[in-house]
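The values are calculated or read from the model by the stated rules, or taken from the named source; none is laboratory data. This structure is a prediction, so every number in the text was calculated from the model and none was measured. So basically every Cβ, Gly included, is an ideal-geometry build from the backbone, and we count neighbours across all protein chains shown.
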Amino acid sequence: MPPTSTADTEPVPASGGSIARPGDPSRKGAIYGVLSYGLWGLVPLYFKLVSSVAPQEVVAQRIVWSFVLLSLVLTLVGRWHEVLPALRSRPVMTALATSTLLLAFNWFVYIYAVSTNQVVEASVGYFLNPLVNVVLGVVVLKEHLRRWQVASVVLAAIGVAILGVPWIAVSLALSFAFYGLLRKQVAVDGLLGLFVETLLLVPLALGFVLYLKVQGASAFVVSDPSMCLKLAASGIVTCVPLLLFAAAARRLRFATLGFLQYIAPTIQFLIAVLIFRELLSTAKVVSLSLIWTAVGIYSLDSLRMLHQHRITAREAQRFEPAPADV
């Protein structure tokens with residue numbers, strides 16, 4: 001899932017009609033957004049290919065190869081000059097150091113979920129994520145809950161309670177929500193932020209990879225070129241959806257991105273049930289029904305508020321006094 005926030009999203013002026021004009025940034029943004037979330041939804045298929053490798057080694061390889069690919073991207077787009085100022089900023093580095101730990105934890109839990117056939121529970125975690133964001137907004141940012149937001153949070157909480165303690169879903173939802181909250185407050189974009197995070201992690205990851213090599217326990221061996229290619233591809237699996245997401249975030253409204261984010265866990269859920277043949281107990285069906293209902297209520301309430309804001313903006317523009325002639 002996307003390890004980034006939409007804090008740097010720039011609003012795009014709406015077109016006059018319901019269909020985007022040719023060349024309208026929102027059209028390209030929608031394509032980039034669907035591609036990014038679609039690829040994130042397919043990620044379980046990749047991690048299933050490397051499920052024979054210990055999750056901690058997959059995480060380490062993912063960090064190393066993401067660092068290599070991001071270094072190449074920074075070179076191609078000519079942004080190396082932005083790295084040093086970020087590293088010298090104490091507030092930025094404090095926030096990114098914390099977000100780095102959350103990111104590594106999130107990656108490990110997700111890879112563990114795929115390797116142990118618990119993709120359904122992992123998808124539940126990302127369905128819960130926007131509702132956890134609502135709760136964090138109240139607790140941390142002192143925001144006020146609307147009536148329907150309260151209803152959606154309560155329903156989701158009941159759904160989670162039915163599953164007992166679904167630690168994978170809760171861990172993914174909480175770690176990603178806190179990660180997004182931290183990244184929302186850091187003045188760096190997705191590309192630069194992820195590079196700094198991988199930069200902080202790469203010494204430990206590379207050290208662990210070398211340790212496994214010395215111990216003869218590494219899955220990255222010349223005698224198995226297929227597995228080497230699969231592990232090296234983790235950099236592409238990580239970075240390509242992120243770069244597409246960054247392109248979408250510059251062209252779409254925050255609300256639009258919020259609705260697109262459900263593409264990924266929906267695809268993951270379908271893969272888990274239809275391809276991986278994970279079993280759905282009665283408790284899981286009831287729990288998922290409540291969580292999906294909560295997500296539906298939250299989405300409809302968000303659409304209603306967005307519609308009201310647009311009407312208010314139009315009314316304010318209509319009654320705005322015309323500029324005086326000079």
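Of note, residue 169 satisfies the criterion of being among the hydrophobic types (A, V, I, L, M, F, W, C) and either in contact with a Gly (Cβ under 8 Å, 6 or more places away or on another chain) or without any contact (Cβ under 8 Å) to a residue 60 or more places away in the chain (or both). If you check 194, 172, 200 for being in contact with a Cys (Cβ under 8 Å, 6 or more places away or on another chain) and either more than 14 Å from residue 74 (Cα to Cα) or assigned to a helix (DSSP H, G or I) (or both), only one passes: 194.
Give the residues of the stretch 89-103 that are closer than 30 Å to residue 278 by Cβ and surrounded by fewer than 21 Cβ atoms within 10 Å (Cβ to Cβ), sorted by residue number. Selection gives 101 alone.
Yes or no, residue by residue, for (1) buried (at least 18 other Cβ atoms within 10 Å of the Cβ); (2) small (Gly, Ala, Ser); (3) assigned to a helix (DSSP H, G or I):
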position: 32; (1), (2), (3): yes, no, yes
position: 45; (1), (2), (3): no, no, yes
position: 66; (1), (2), (3): yes, yes, yes
position: 81; (1), (2), (3): no, no, yes
position: 87; (1), (2), (3): no, no, yes
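Taken over the stretch 55-66, residues that are among the hydrophobic types (A, V, I, L, M, F, W, C) and over 12 Å from residue 233 (Cα atoms) amount to 2.
Residues in the stretch 273-303 that are of a type in the set (Val, Ile, Thr), at pLDDT 85 or above and within 21 Å of residue 41 (Cα to Cα): 273, 275, 285, 291, 293. Scanning the stretch 256-296 for residues that are over 30 Å from residue 58 (Cβ atoms) and either within 15 Å of the chain's Cα centre (by Cα) or assigned to a loop (DSSP other than H, G, I, E, B) (or both) returns 256, 259.
Taking each residue of the stretch 113-126 that is of a type in the set (D, E, K, R) and looking for partners that are modelled with pLDDT of 90 or more and part of a helix (DSSP H, G or I) with beta-carbon atoms closer than 9 Å, six or more apart or interchain, yields 121/113; 121/167; 121/168; 121/169; 121/172; 121/272.
For the stretch 256-276, state whether one or more residues are in contact with an Asp or Glu (Cβ under 7 Å, 6 or more places away or on another chain), crowded, with 17+ Cβ neighbours inside 10 Å and within 26 Å of residue 34 (Cα to Cα). Within the stretch 256-276, one or more residues are in contact with an Asp or Glu (Cβ under 7 Å, 6 or more places away or on another chain), crowded, with 17+ Cβ neighbours inside 10 Å and within 26 Å of residue 34 (Cα to Cα). Listed by first and then second residue, the pairs with beta-carbon distance under 8 Å, at least 6 apart or on different chains, first residue in the stretch 206-228 and within 13 Å of residue 61 (Cβ to Cβ) and without any contact (Cβ under 8 Å) to a residue 60 or more places away in the chain, second of a type outside the set (Val, Ile, Thr) and assigned to a loop (DSSP other than H, G, I, E, B), are 213/220; 228/220. Are any of the residues in the stretch 194-207 at pLDDT 85 or above and within 16 Å of residue 249 (Cβ to Cβ)? Checked against the condition, which is being at pLDDT 85 or above and within 16 Å of residue 249 (Cβ to Cβ), the stretch 194-207 yields at least one hit.
All conditions but one from (1) over 23 Å from residue 83 (Cα atoms); (2) in a helix (DSSP H, G or I) apply to residue 222; the one that does not is (2). Among the residues of the stretch 172-187, is any in contact (Cβ under 8 Å) with a residue 40 or more places away in the chain, over 29 Å from residue 300 (Cα atoms) and either surrounded by fewer than 22 Cβ atoms within 10 Å (Cβ to Cβ) or within 17 Å of the chain's Cα centre (by Cα) (or both)? Yes, there is a match, as at least one residue in the stretch 172-187 is in contact (Cβ under 8 Å) with a residue 40 or more places away in the chain, over 29 Å from residue 300 (Cα atoms) and either surrounded by fewer than 22 Cβ atoms within 10 Å (Cβ to Cβ) or within 17 Å of the chain's Cα centre (by Cα) (or both).
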